[in-house]
Amino acid sequence: MTSKISIVGAGMTGSTTAHWLAEREIADLVLVDVIEGMPQGKALDLQEALPVIGKDVAVVGSNDYAATKGSDIIVITAGVARKPGMSREDLLTINAKIVSEATANALKYSPDALFIVLTNPLDTMAYLAMKTGKLPRERIVGQAGILDSARMRAFVAMETGVSVENINCYVLGGHGDEMVPLTRHSNVAGIPLREFLPAEKLDAIVTRTRKGGGEIVNLLKTGSAYYAPAVAVTQMAESILKDKHLIIPASAYVQGEYGLSDMFFGVPVQLGRNGLEKIYEYSLDTEEKGALEKSAAAVKESIGVMKNLLKM
Ligand code: TXD
C-alpha cells in the first residue's frame with residue numbers, strides 16, 4: 001500500500017474502523033493505544049483475517065507513536081466512551097487531555113497528516129485538536145454527520161420499506177441532542193421526505209435521530225455505538241485518499257459559513273486528497289436557521305467550558 005492510516009485509540013470504534021478500512025484495501029493501518037498488548041493483539045488478529053478475504057494490507061499495533069511515522073491520515077478515537085446517563089459534555093475533562101496529547105504525539109511523526117477526530121464531545125475535541133496542532137482547517141475534520149445522517153436514513157428505510165440506497169438524509173449542526181435533521185432537504189429518490197411521510201412519522205424519526213447515540217448507549221449499557229461511526233470514518237478516509245471530492249456532512253472549522261465562526265460545527269464539506277476543500281451552504285428557512293443557531297449555542301458553550309478548563 002502506498003497510503004497509511006493510523007488510528008489512535010484501538011477500542012471498539014478504533015478497531016472496527018480498522019476492520020472496515022482493511023476491507024477497502026486503501027491503506028496500511030496502524031492501531032495505537034495505551035493498553036499494552038491490546039493494539040498489537042487486535043492488529044495481528046485482523047492481519048490474520050485478511051488472507052481469507054484476499055486483502056493485502058499491513059496492520060500494525062503499537063503503544064508507541066513511532067509506528068505511525070509518515071501517516072497520511074490520523075484518526076483520533078481515543079478516550080472514554082459515554083456511559084448511560086452521562087452526557088457528552090461530562091466526557092470533556094478526561095478526553096481533552098487524551099486528545100491534545102494524541103494530536104501532539106501524532107504530529108511529531110506525521111507532520112503533514114490529515115486528521116479525523118471522533119472523540120466526544122466531538123465538535124469541542126476537534127477544535128482542541130486543531131488548536132493544539134496549529135492545523136489549518138483544511139487538515140482537520142470531525143466525524144459526526146455521516147453517522148447522524150445514516151441513522152436517519154436507516155429509520156426512514158425501516159418506516160418506508162424503500163432501499164437505503166434511495167434515501168438521502170442530511171443532518172447538520174453539533175453532534176449533540178440539538179443536531180438539525182434537515183427534513184426539507186432530505187428525500188426518497190428525489191421525492192421530498194415531507195411528501196413521503198406523514199408529519200407525525202417524520203417528527204418521530206427526527207427525534208429518534210437526535211437521540212440515536214443515547215439509544216445505543218442505553219441498550220449496550222457498557223459502551224457506545226461503533227459499527228456506524230467506524231464505517232463513517234471509512235467513507236471519509238476513502239474520499240480523501242481517492243481524491244473523490246465527496247460532499248458529506250462533517251464537523252469543520254467554520255469561518256463565516258452559516259453566520260458562524262471560530263468553532264467546529266456539522267456542515268456539508270467536500271473532501272479530497274488535500275482534506276477539506278469546501279464548505280457548502282444550504283439555503284435555509286427561518287425555522288432551520290433557528291434550529292442551527294440553537295445547536296451552535298450548545299457547541300459554543302461546550303467550547304467555552306473547555307477553554308476555561310484548559311485556560312486556552
Ligand atoms: O461519531 C462519533 N464522533 C463517535 C464518537 C462515535 C463513536 C465513539 N465516539 C467517541 O470515541 C466516544 O464517545 C469516545 O470518546 C471515543 C472512543 O469510543 P469507543 O467506543 O471506541 O471507546 P473504547 O472502546 O473505550 O475505546 C477507547 C480506547 C480504549 O482502548 C483506551 O485504552 C484508549 O481509547 N485510550 C487511549 N489511546 C491512546 N492514547 C490515550 N491517551 C488513550 N486513552 C485512552
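The values are calculated or read from the model by the stated rules, or taken from the named source; none is laboratory data. Because the structure is a prediction, the values reported are computed rather than measured. Please note: Cβ atoms are built from the backbone with ideal geometry, for glycine as well, and neighbour counts cover all protein chains shown.
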Does at least one position in the stretch 131-150 carry a residue that is hydrophobic (A, V, I, L, M, F, W, C), in contact with a helix residue (DSSP H, G or I) (Cβ under 7 Å, 6 or more places away or on another chain) and farther than 30 Å from ILE94 by Cβ?
no
One residue from GLY190, GLY173 being at positive phi and more than 16 Å from the ligand (Cβ to nearest atom)
GLY190
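Taking the conditions exactly as written (under 22 Å from GLY275 (Cβ atoms), aromatic (Phe, Trp, Tyr), within 17 Å of the chain's Cα centre (by Cα) and more than 10 Å from the ligand (Cβ to nearest atom)), does TYR127 satisfy them or not?
So TYR127 passes the test.
Which residues, taken from the stretch 15-48, are in contact with a Phe, Trp or Tyr (Cβ under 7 Å, 6 or more places away or on another chain) and within 15 Å of ALA237 (Cα to Cα)?
The one that is in contact with a Phe, Trp or Tyr (Cβ under 7 Å, 6 or more places away or on another chain) and within 15 Å of ALA237 (Cα to Cα): THR16.
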Identity of the residue in the stretch 141-170, part of a strand (DSSP E or B) and of a type in the set (A, V, I, L, M), that ends up farthest from the chain's Cα centre (by Cα):
ILE167
Just name the residue that is nearest to THR234 (Cα to Cα) out of those in the stretch 114-134 that are free of Cβ contacts under 8 Å to residues at least 60 places away in the same chain and small (Gly, Ala, Ser).
ALA129
Take the stretch 216-228 and flag every residue that is within 9 Å of the ligand (Cβ to nearest atom) and closer than 12 Å to ALA18 by Cα.
TYR226
Checking ILE248 against (1) within 16 Å of the ligand (Cβ to nearest atom); (2) part of a strand (DSSP E or B); (3) closer than 17 Å to TYR127 by Cβ: exactly one of these is not met. Which one?
(3)
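Quick test for you: out of LEU172, LEU197, LEU220, pick the one residue that is touching a residue at least 40 places away in the same chain (Cβ under 8 Å), surrounded by 13 or more Cβ atoms within 10 Å (Cβ to Cβ) and closer than 28 Å to LEU91 by Cα.
Answer to the selection: LEU172.
Of the residues that sit in the stretch 51-92 and are farther than 16 Å from SER3 by Cβ and more than 12 Å from the ligand (Cβ to nearest atom), which one is modelled with the lowest pLDDT?
Filtering the stretch 51-92 for residues that are farther than 16 Å from SER3 by Cβ and more than 12 Å from the ligand (Cβ to nearest atom), the one modelled with the lowest pLDDT comes out as PRO84.
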Among the listed residues VAL299, VAL269, VAL305, identify the single one that is outside any loop (DSSP other than H, G, I, E, B) and within 17 Å of TYR170 (Cα to Cα).
VAL269
Flagged in the stretch 102-137 as in contact with a Phe, Trp or Tyr (Cβ under 9 Å, 6 or more places away or on another chain) and among the acidic types (Asp, Glu), in numbering order, are ASP123
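Residues checked against (1) under 17 Å from the mean Cα position of the chain (by Cα); (2) crowded, with 17+ Cβ neighbours inside 10 Å; (3) among the charged types (D, E, K, R):
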| residue | (1), (2), (3) |
| --- | --- |
| LYS244 | no, no, yes |
| SER261 | no, no, no |
| PRO268 | yes, yes, no |
| TYR280 | no, no, no |
| THR286 | no, no, no |
| LEU309 | no, no, no |
Residue check for THR209: within 16 Å of the ligand (Cβ to nearest atom), at pLDDT 95 or above, surrounded by 18 or more Cβ atoms within 10 Å (Cβ to Cβ) and not small (Gly, Ala, Ser):
yes
